[in-house]
Amino acid sequence: MESPQKWRQAKFQRLRFRKIPFMSTANKTLLDTCCKSEHLVESRTTDETFMVKLYKKTMYGTAAKIKTEAVMVFMLDDKGNAVYTQDIGDLCIFITKSEHFCRLPSSSFPDMYPSHVIVLDVNETASFNLVDQKWNG
């Protein structure tokens with residue numbers, strides 16, 4: 001068990017979001033109607049930390065199903081800045097129920113592409129190309 005002194009020494013850091021993309025009204029409405037989850041992912045090979053925001057929405061048909069509608073990636077620095085990016089280099093980020101991780105270089109693995117986020121969930125497998133995302137269209 002950790003000592004109470006250690007808890008008193010802990011520092012909280014506030015993130016400052018930078019370079020958030022300009023969004024069309026339709027995209028703002030889409031994100032507002034989604035359930036958002038945030039995931040911290042560390043790349044051990046590049047020593048970078050990312051915050052991945054997933055926006056999921058319930059789709060109704062024969063059975064209700066939750067589907068990822070959008071992904072936003074922010075690169076974190078040691079000063080508390082979270083900078084929006086669509087270019088994570090040759091990394092491929094995986095978001096799963098059990099663990100979040102980066103794979104580098106993605107180009108050395110078959111069927112993996114750079115600057116992609118792969119979502120592996122119970123009823124969903126989705127791939128998002130960060131470079132192709134358009135928020136203002």
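Coordinate-derived values only; no laboratory data. Keep in mind that this is a model prediction, so the values were computed, not measured. As a convention, Cβ positions derive from the backbone with ideal geometry for all residues, glycine included, and neighbour counts pool all protein chains shown.
Table for the structure above
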quantity: Contact order relative to length of the stretch 13-132, as percent, for alpha carbon pairs under 8 angstrom and 6 or more apart; calculated: 21
quantity: ³J(HN,Hα) computed for each position of the stretch 57-72 - Karplus, 6.51 cos²θ - 1.76 cosθ + 1.60, integer Hz, glycine/proline x; calculated: 9, 7, 9, 9, x, 5, 9, 5, 9, 9, 10, 6, 9, 8, 9, 10
quantity: Pairs beyond 24 Å (Cα-Cα), from LYS28/LYS57; LYS57/LYS134; LYS97/LYS134; LYS57/LYS79; LYS53/LYS134; LYS36/LYS134; calculated: LYS97/LYS134; LYS57/LYS79
quantity: Sites THR46 and GLU124, calculated FRET efficiency, Cβ-Cβ separation with R0 30 Å, nearest 0.05; calculated: 0.65
quantity: Cα-based shape type of the stretch 13-132, given that a ≥ b ≥ c are square roots of the gyration tensor eigenvalues and the cut on a/c is 1.5; calculated: oblate
quantity: Nonlocal amide H pairs with ALA82, under 5 Å, H built at 1.01 Å; calculated: ARG16, PHE17, ARG18
